[in-house]
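A short worksheet on the structure shown next.
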Amino acid sequence: MQLEIRIKMNEKLFLRNPEESALGKKIVKHGLSLINKLGFEEFTFKKLAAEVNTTEASIYRYFENKHKLLVYLITWYWSFLEYKVVFSINNITEPKLKLKTIIKIICEEPLNKNLTTDFISEFEGYKLVIWEGSKAYLTRNVSKDNKDRLFKPYKDLCERFSSIIKEYNPKYKFPHSLASSILEISHSQKFFKQNLPALTDFPKEVDDKKIIQFLESLLFNSIDLE
C-alpha cells in the first residue's frame, strides 16, 4: 500500500535531493532497510552501493556521510509521526483522550508492515528509531546540527505533545521535559524488551498494551499531582 504523503526535508541533510531521482529514492529506501539489517556501525556506503547496483561515489553525491543519511531517515520518521498525531487528534476535544492517543501512536508498532509513504517504509522507520534513534543527536556535532535545524521535526513533535499536556493541566511546570522523556522511554523500553530484558517489566509481552499502560501512568501520575 502506498500513501501519497510528501514530507519536506531540511536541505542541509543532503547534497542532492534524493526525492528528485529514481536512484536517490533507491538510496534512501534501501539505506533504511540495510541499516536495520546490519546496524549503523556495520553499515557503509560501499555496501549500500552494492545493494542498489550503483557506485559508492554516486551515493556521496546525495549524502555527505552515513550520519547525514541516518539523520535524514530518523527526521523523516519524526515528521511522519507528527503527521499521524495531528491527523488522529484533529477531531478530539478532550485533552486526556488526546494524550492517550499520542502515547498509543508513539509507542505502538505499525500494524501494516507494508505501508510506504514518500517511498519510505513506516515500519522500517519505526525499527530504525528504536535501534538507532539516539545516534542522530548523541554526537560531538550536535550543536552545529541543531543550529542547522536538523532536529526540528523531533522538537516539533515534543512541542505538540507538551502543548496538550499544558492544555490538560496549565499549572504543570515541566511539560517539555515530560513530553521528551516519554518519547525516549517509549523506544528505550522496546529496545530493552528485545535486548536487555532485565531492564524492563515487559520481556514476555507479545504486544504493546502494558508498555502503553506504563507510559500513561508516568504521564498522568505526573500531571495530576498539581
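Some values worked out for this structure:
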| read-out | value |
| --- | --- |
| Residue pairs meeting the criteria (Cβ under 9 Å; at least 6 apart or on separate chains; first farther than 15 Å from Leu150 by Cα and open to solvent by 20 Å² or more (accessible area, probe 1.4 Å), in region 75-90; second in a helix (DSSP H, G or I) and among the acidic types (Asp, Glu)) | Glu82/Asp156; Lys84/Glu122 |
| Residue in region 34-41 that is farther than 26 Å from Lys147 by Cβ, buried (at least 16 other Cβ atoms within 10 Å of the Cβ) and not aliphatic (A, V, I, L, M) present | yes |
| Counted residues, region 158-174 - those being without any contact (Cβ under 8 Å) to a residue 60 or more places away in the chain, closer than 18 Å to Lys100 by Cβ and open to solvent by 10 Å² or more (accessible area, probe 1.4 Å) | 5 |
| Residues satisfying the stated conditions in region 181-194, i.e. within 20 Å of Tyr72 (Cα to Cα) and open to solvent by 10 Å² or more (accessible area, probe 1.4 Å) | Glu184, His187 |
| Test: residue in region 50-71 that is out of contact with any Gly (no Cβ under 6 Å at 6 or more places or on another chain), under 23 Å from His187 (Cβ atoms) and exposed (fewer than 13 other Cβ atoms within 10 Å of the Cβ) | no |
| Pair list, Cβ under 9 Å, 6 or more apart: region 122-142 residue over 17 Å from Lys37 (Cβ atoms) and assigned to a loop (DSSP other than H, G, I, E, B), other residue open to solvent by less than 50 Å² (accessible area, probe 1.4 Å) and among the charged types (D, E, K, R) | Tyr137/Asp145; Thr139/Asp145 |
| Number of the exception - Ile106 against (1) of a type in the set (A, V, I, L, M, F, W, C); (2) crowded, with 16+ Cβ neighbours inside 10 Å; (3) farther than 21 Å from Gln213 by Cα | (3) |
| Tyr154, sole failed condition from (1) open to solvent by less than 50 Å² (accessible area, probe 1.4 Å); (2) farther than 23 Å from Ser88 by Cα; (3) touching a helix residue (DSSP H, G or I) at 6+ places or on another chain (Cβ under 6 Å); (4) not acidic (Asp, Glu) | (2) |
| Residue tally, condition part of a helix (DSSP H, G or I) and acidic (Asp, Glu), over region 195-219 | 1 |
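The values are calculated or read from the model by the stated rules, or taken from the named source; none is laboratory data. Only a predicted model underlies this, so the values are computations on that prediction, with no experimental measurement involved. Cβ atoms come from the backbone with ideal geometry, glycine included; neighbour counts cover every protein chain shown. Note: accessible area is taken over every heavy atom of the protein model, side chains too, but ligands, DNA and RNA are not part of it. Shrake-Rupley method; radii C 1.70, N 1.55, O 1.52, S 1.80 Å.
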